[in-house]
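Novice: This structure is in structure tokens; I'll ask about it shortly.
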Amino acid sequence: MSAIPHLLCVEPGVYRSGQPPPTADSISELAGLGITRAVKLNSGTDSLGPCITIQQFDLNLWDQLVEPDNDELHRAVDAIVPGTLVHCENGNDRTGLVVALYRLKRGWSKADAESEMLDNGFHKTELGLWSYWRKQNEKDWI
């Protein structure tokens with residue numbers, strides 16, 4: 001059983017989850033997966049050991065309820081490379097949106113990316129995130 005909440009493999013070398021607990025077990029698990037970077041989508045600090053570089057993109061309550069910054073989301077998606085864990089507090093909404101946008105960048109159809117996003121716990125009640133997603137065009141991410 002994983003020490004990290006909602007841990008899922010996005011593709012080889014790229015994972016998504018909720019906030020990893022700063023424990024020896026979770027740090028060891030991330031190292032075993034080859035994780036060397038984290039794309040963190042919530043505020044606060046992480047303590048994931050000295051071998052993980054954290055890039056923080058704070059998608060706050062305003063972003064969730066009204067609409068996130070387009071440039072910030074592009075930077076977050078561009079930061080995802082092999083060896084990356086994408087996470088927010090629970091790993092459902094902010095993480096789901098960023099992974100769906102990453103899927104568009106990787107050539108997925110919007111319908112397939114949306115289906116995966118919803119299947120992995122995204123809540124349409126996050127009105128800012130959902131509104132942002134609905135406005136996206138596949139060609140803007142390739």
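Novice: Considering the values [x] 56, 36, 22; [y] 41, 29, 26; [z] 40, 37, 28, which represents Cα extents along the principal axes in Å as calculated for the structure under consideration?
Specialist: [y]
Novice: Would you mind calculating the gained length between SER115 and THR23 on full extension (0.36 nm times residue separation, minus the Cα-Cα distance), in nm to one decimal?
Specialist: 29.9 nm
Novice: Find out how many positive minus negative residues lie around SER43, taking Lys and Arg as positive, Asp and Glu as negative, among other residues whose Cβ is under 12 Å from that of SER43.
Specialist: -2
Novice: Within the chain, how many Lys pairs sit with Cα atoms under 19 Å apart, leaving out pairs fewer than 8 places apart on the same chain?
Specialist: Going through the chain pair by pair, I get 7.
Novice: Give me the distance between the Cα centres of segment 94-122 and segment 57-84, rounded to whole Å.
Specialist: Segment 94-122 and segment 57-84 have Cα centres separated by 13 Å.
Novice: Among VAL81, THR36, HIS6, pick out the residue whose Cα is farthest towards the positive end of the charge dipole of the chain, where Lys and Arg carry +1 and Asp and Glu carry -1 on C-beta, about the Cα centre.
Specialist: Value computed over the given set: VAL81.
Novice: Modelled label-to-label distance, SER47 and ASP78, 7 Å Cα→beta-carbon offset: nm?
Specialist: For the pair SER47/ASP78, the computed spacing is 3.3 nm.
Novice: Here is a further query. Output the peptides 64-75, 38-49, 84-95 sorted from most to least packed, where packing is the average of other Cβ atoms within 10 Å over each peptide's residues.
Specialist: 84-95, 38-49, 64-75
Throughout, read-outs are computed from the coordinates displayed, never taken from laboratory work. Computed from a predicted model, the values in this text were never measured in an experiment. With ideal geometry, Cβ positions are generated from the backbone for all residues, glycine too; neighbour counts draw on all protein chains shown.
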